[in-house]
Structures are given as C-alpha cells and as structure tokens.
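Here is the structure we will look at.
The values are calculated or read from the model by the stated rules, or taken from the named source; none is laboratory data. This one's a predicted model, so the numbers in the text were calculated from it and none came from an experiment. When the accessible area is computed, the model is the full protein with side chains, heavy atoms only, and any ligands, DNA or RNA have been set aside. Shrake-Rupley method; radii C 1.70, N 1.55, O 1.52, S 1.80 Å.
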Amino acid sequence: MKPENRDVAQKLGVATGLMFTIPILVFYACLNFVFHEKDEPTMWAGGAAVIATNLIVGGYVVSAFSEEDDFDGETESKDANGPRVGAFKTRTD
C-alpha cells in the first residue's frame, strides 16, 4: 500500500469497524434498557440502530469530503475548470 493511501485505508477500517459494532450495541442497549416498556421494543431498537448507522455513514462522508486534495499540478489542461460541454462548448465546425 502506498504511504499516501494509509490514512484513507485507516479511516475506512475505522468506519467499517464502527458500522459493525455500534448498531449492534445500540440495538441491544435500546432493547433492554431504553424501550423495554414499549409495545414493540424490537421495532424501536431497530430504528435506533438504523439512526446510529446513518450517523456513522454521514460522519464518514463528511470526513471524506473534508480531506485536502493533493494535486501536484501533474495533470494540467487548457481549461482549469475542465472540458467545456453543452452550451459552453466551442464549436469547431
């Protein structure tokens, strides 16, 4: 593995571990302690586990988008904003 990819792999590994453990812990904690007096405690505990899962995924997405881009300027093009398409494209015919 390249050294510049180690941080990303570590972040993915931590998110994967959290996705495996936290929803299960939240489900059983809510089932036994929080919603044990409700009519359908498994439904409420399952909903809490789904919310915990979505929070983990959202946190991973936010952390992935907040990383800095490491471009060295190796791929320079004529247009810094990318190729022009649609109405902005220059006709050549």
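The residues in region 23-37 that are open to solvent by less than 60 Å² (accessible area, probe 1.4 Å) and assigned to a helix (DSSP H, G or I) can be counted, and the count is 6. Restricted to region 57-93, and to residues there that are at pLDDT 80 or above and assigned to a loop (DSSP other than H, G, I, E, B), the residue that is most open to solvent (accessible area, probe 1.4 Å) is Glu68.
For (1) part of a helix (DSSP H, G or I); (2) not small (Gly, Ala, Ser), each residue gets a yes or a no:
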residue: Lys11; (1), (2): yes, yes
residue: Asp39; (1), (2): no, yes
residue: Trp44; (1), (2): yes, yes
residue: Ala52; (1), (2): yes, no
